[in-house]
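**Q** A single structure is presented below for examination.
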């Protein structure tokens with residue numbers, strides 16, 4: 001039985017995708033790499049592909065954070081500050097659960113993210129619900145940014 005981990009998304013099997021891994025024995029985050037080289041103009045937000053998806057238990061979430069060195073080195077940050085990957089994002093119909101990293105270029109120059117650059121880190125966490133939580137039995141159909149469009 002699979003509990004939590006990463007897999008390569010459909011269509012990226014031959015793209016030399018590196019599955020995320022922790023860099024040291026006490027690292028909390030799994031480093032996520034860009035699967036392609038992208039240019040980000042000043043004040044632009046660009047979705048950077050990773051070619052990976054994450055599976056986890058139903059009561060878990062994968063939180064995506066910028067790597068601490070990236071703002072100083074590259075002049076970019078996460079556009080949404082913290083990314084949230086819900087367990088039902090995995091294998092969704094629209095994009096197979098592909099984790100995309102929204103980077104915002106806050107510098108005054110073009111920023112190049114190279115294929116293989118470690119740009120973010122993911123941390124798996126349990127989450128809690130309130131006492132009178134009423135579960136919604138809707139099924140996710142879409143991909144990135146789709147939780148408000150559930151059918």
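**Q** Quick check on my filter: what residues within the range 130-143 are touching a residue at least 24 places away in the same chain (Cβ under 8 Å) and either exposed (fewer than 12 other Cβ atoms within 10 Å of the Cβ) or within 19 Å of residue 19 (Cβ to Cβ) (or both)?
**A** As a first pass, look at the range 130-143 and keep what is touching a residue at least 24 places away in the same chain (Cβ under 8 Å): 139-143.
Within the range 130-143, just 139 meets the criteria.
**Q** Can you tell me which of 7, 39 is in a strand (DSSP E or B), exposed (fewer than 15 other Cβ atoms within 10 Å of the Cβ), modelled with pLDDT of 95 or more and in contact with a strand residue (DSSP E or B) (Cβ under 7 Å, 6 or more places away or on another chain)?
**A** Values: 7 fails: exposed (fewer than 15 other Cβ atoms within 10 Å of the Cβ).
After applying the criteria, what remains is 39.
**Q** Which residues, taken from the range 114-134, are out of contact with any helix residue (DSSP H, G or I) (no Cβ under 7 Å at 6 or more places or on another chain) and part of a strand (DSSP E or B)? Please lay out each step first, then the result.
**A** Looking only at the range 114-134, we keep the residues that are out of contact with any helix residue (DSSP H, G or I) (no Cβ under 7 Å at 6 or more places or on another chain), and these are 114-118, 120-134.
Result: 118, 120, 121, 122, 123, 124, 125, 126.
**Q** Of the numbered conditions (1) surrounded by fewer than 19 Cβ atoms within 10 Å (Cβ to Cβ); (2) under 17 Å from the mean Cα position of the chain (by Cα); (3) under 17 Å from residue 114 (Cα atoms), residue 68 fails exactly one; give the number of that condition.
**A** Here residue 68 meets the rest and fails (3).
The values are calculated or read from the model by the stated rules, or taken from the named source; none is laboratory data. Not measured: the values here are computed from a predicted model. Counting neighbours? That spans all protein chains shown, and the Cβs are built from the backbone with ideal geometry, glycine included.
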